[in-house]
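So the structure is just underneath, and the comments pick up after that.
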Amino acid sequence: MRLSLGIFILCASSAGCAAAVNTGGSDSGATESSLMQADRDFAIATHARGIDGWMSFFASDAIRIRYRGNMVKGYNEVRKFDLPNISDTTFTLNWEPTDAYVFRGGSIGSTTGTYSVISRRTADVGKELQRGRYVTMWRREKGRWLVIMDTGYPEPAPQTR
């Protein structure tokens, strides 16, 4: 099954900036800054190891919500869904968290941010093919943040005059 670049881009997550620390009432060390770092590490692992790096951050019961589509449920189905696009070397997915929130108790959190897809094709290398926003839900297990839900949506293309 070959997924379109647009669908993949809409559902992705990535790495980058800083956030104010707010523990959300947690005393477990699960802070917004630790969650922002997990999101950045998720992007680094994906860039370095492709689908294996991507999946190393997903919980076994994770879901992906397809843009304008149904859920993909479970680790193996998420891997199957994302494999064609994460493995595509004609573009690079970059993302940067812009905000994080850790829910009371510190076991669940969320990040939001921006993503961009950059061409690696010789003809248009470096050209931004798409940009958008994403939401990722995380669960803290054994001191580590894991993705339990990921989705995204594109920003409208700029209007030309």
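Readers should treat all values here as calculations from the given coordinates under stated rules, not as data from a laboratory. From a predicted model like this one, the values you see are computed outputs, not experimental measurements. Cβ atoms come from the backbone with ideal geometry, glycine included; neighbour counts cover every protein chain shown.
In order along the range 146-158, the phi-based Karplus estimate (6.51 cos²θ - 1.76 cosθ + 1.60, θ = phi - 60°) of 3J(HN,Hα) comes to 10, 6, 10, 7, 9, 7, x, 8, x, 7, x, 5, x Hz; Gly and Pro are listed as x.
Per-residue 3J(HN,Hα) values for the range 122-131, derived from phi via the Karplus relation 6.51 cos²θ - 1.76 cosθ + 1.60 with θ = phi - 60°, read 3, 4, 9, 3, x, 6, 6, 8, 6, 9 Hz in sequence order (x marks Gly and Pro).
Set against the 2.2 N^0.38 Å expectation for a compact globular protein, the range 53-161 has a Cα radius of gyration ratio of 1.18. Can you find, among 126, 152, 91, the residue farthest towards the positive end of the dipole of the range 75-161? Put +1 on the C-beta of Lys and Arg, -1 on that of Asp and Glu. Of the listed residues, the answer is 152. Between residue 90 and residue 44, the modelled label-to-label distance comes to 3.1 nm, taking each label 7 Å out from Cα in the direction of the beta carbon. Spacing of the modelled spin labels on residue 107 and residue 67, each 7 Å from Cα toward Cβ, amounts to 3.4 nm. Around the amide H of residue 108, modelled in the peptide plane, lie the amide H atoms of 103, 140, all under 5 Å away and 5 or more residues distant in sequence or on another chain.
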